[in-house]
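The values are calculated or read from the model by the stated rules, or taken from the named source; none is laboratory data. The model shown is predicted, which means the values in this text are computed figures rather than measured ones. Using ideal geometry, Cβ is built from the backbone for each residue, glycine included, and neighbour counts are taken over all protein chains shown.
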Amino acid sequence: MPIGGAEDKIREPRVLKRFVGLCGQNPRIVVIPTASSRKDIGSEYTKLFSELGAANVDVLNLIEREQCFDERVIDLLNAADGVFMTGGKQMRLSTTLGGTPVAKVLRRLNADGKPVLVPCGQNNGFKLRAEDLEAAITPRTKWFMLNNPCNPTGAAYSADELRAICDVLLRHPDVWIFTDDIYEKLAYDGFKPATIVQVEPKLRDRTLTMNGCSKAYAMTGWRIGFAGGPLPLIKALDKLQSQSTSNTSSISQAAAVAALTGPQEFIDEMVVAFQRRRNVVVDMLNQCPGIICAKPEGAFYVFPSIHGCIGKTSKAGAKIDSDADFVTALLDEEGVAAVHGSAFLYPGHFRISYALDDATLEDACKRIRRFCQGLS
Ligand SMILES: Cc1ncc(COP(=O)(O)O)c(C=O)c1O
């Protein structure tokens, strides 16, 4: 990671320390900067590693977020015999790939690897059950993927909840683990999402822990992410990156350093605002006839069920036979745009993002209520 000025060099260890906490205790850290700067700043990093008491490696690599998923992981998946996506049907791959629809991703995966979607039922807070994971693993399984907190459901896993999942993974030493923790700072009512490696350090040698600046720092456009994992994997990822886009822009990297090392208090303020908005949205949606909305632990989405609306007809005469019909009519008749659950391979639901100002959210919820009240 190229470091611009002297201040950045001084601040750098704090970036590493923060991420190290997520990748496990006492990690050995390797930072893979962009090829051109690697030689110049190599000694700086050596110094940083010793300051951090680094011993057992793993990684810190600043990369372009989409590539993290797209090129490295998808290429690895293509070589795999089986893939798990927890959050199963509701894992939001589309945004991860910068708007690439899930179906396209799955088609790519299907080139060789075969995604296996493990249901994460609404009756279990949209969370994966250890026994369902156990039942889904076969000798052909290569990767297990977890998004925590989850897009689109907002479901999040605490350390206690991850324990049973880690126990399953410990029993399957050939399965690698990919965790997308990009929403980890966005959790409510004091909920603390955990990472797989925090819960079970023995899994570190086969876990890729991914994070980025897009959510907690609202830096989506800067395209910055980072991943921690076993050195051979990170080296392979680095090789792929260096032969594709080389690296993310140095301007974005400098901005990421500023975000990660600068004042963090605004995140708490943001979490307070998100929690308030989540509560308002959940309350208002539960007043809509035909909608049932659970209160999720994290991220900035709710994923209400609209089963009670299916089979009805809207005020303007649209037949609501599916979640797609529901969101289309909602857009046509009330001007509210939401994403239908089928886009996440989870029909009978729709997703609302509450990363909006309070007034707009309340207005949107009132329109949804009016729309549902008009169904007959
Ligand atoms: C689970 C998850 N991972 C990753 C991302 C993508 O982040 P980025 O904007 O950095 O590509 C998103 C964005 O919606 C997401 O929901």
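Here are some notes:
- Every listed requirement among (1) modelled with pLDDT of 90 or more; (2) at negative phi; (3) buried (at least 22 other Cβ atoms within 10 Å of the Cβ) is met by Phe178 save one, (1).
- Some residue of the range 148-163 being over 22 Å from Val282 (Cβ atoms) and either in contact (Cβ under 8 Å) with a residue 60 or more places away in the chain or among the polar types (S, T, N, Q) (or both): no
- Taking the listed residues Ser314, Ser342, the one that is outside the structural domain of Lys215 (by TED's automatic domain parsing), of a type in the set (Gly, Ala, Ser) and surrounded by fewer than 21 Cβ atoms within 10 Å (Cβ to Cβ) is Ser342, with no other qualifying.
- Every test in (1) in the same structural domain as Thr313 (by TED's automatic domain parsing); (2) over 13 Å from Glu362 (Cα atoms) is passed by Val281 save one, and that test is (2).
- Candidate set: the range 188-228, residues that are within 14 Å of the ligand (Cβ to nearest atom) and among the aliphatic types (A, V, I, L, M); chosen: the one nearest to Ser249 (Cα to Cα): Ile224
- The residue of the range 255-291 that is surrounded by the fewest Cβ atoms within 10 Å (Cβ to Cβ), among those that are more than 23 Å from the chain's Cα centre (by Cα) and aliphatic (A, V, I, L, M), is Val280.
- Ala294 among the small types (Gly, Ala, Ser), within 16 Å of the ligand (Cβ to nearest atom) and under 27 Å from Leu186 (Cα atoms): no
- Hits in the range 340-366 (condition: part of a strand (DSSP E or B) and under 10 Å from Asp323 (Cα atoms)): His340, His349, Phe350
- Residues considered: Leu260, Leu169, Leu240. Of these, the only one that is modelled with pLDDT under 80, away from the ligand (no atom under 16 Å from the Cβ) and either closer than 23 Å to Gly298 by Cβ or part of a helix (DSSP H, G or I) (or both) is Leu240.
- Cβ-Cβ contacts under 9 Å between residues 6 or more apart (or on different chains), taken from a first residue in the range 308-328 that is in a strand (DSSP E or B) and modelled with pLDDT of 95 or more to a second residue that is surrounded by fewer than 17 Cβ atoms within 10 Å (Cβ to Cβ) and among the charged types (D, E, K, R), are listed as Lys312/Lys319; Thr313/Lys319.
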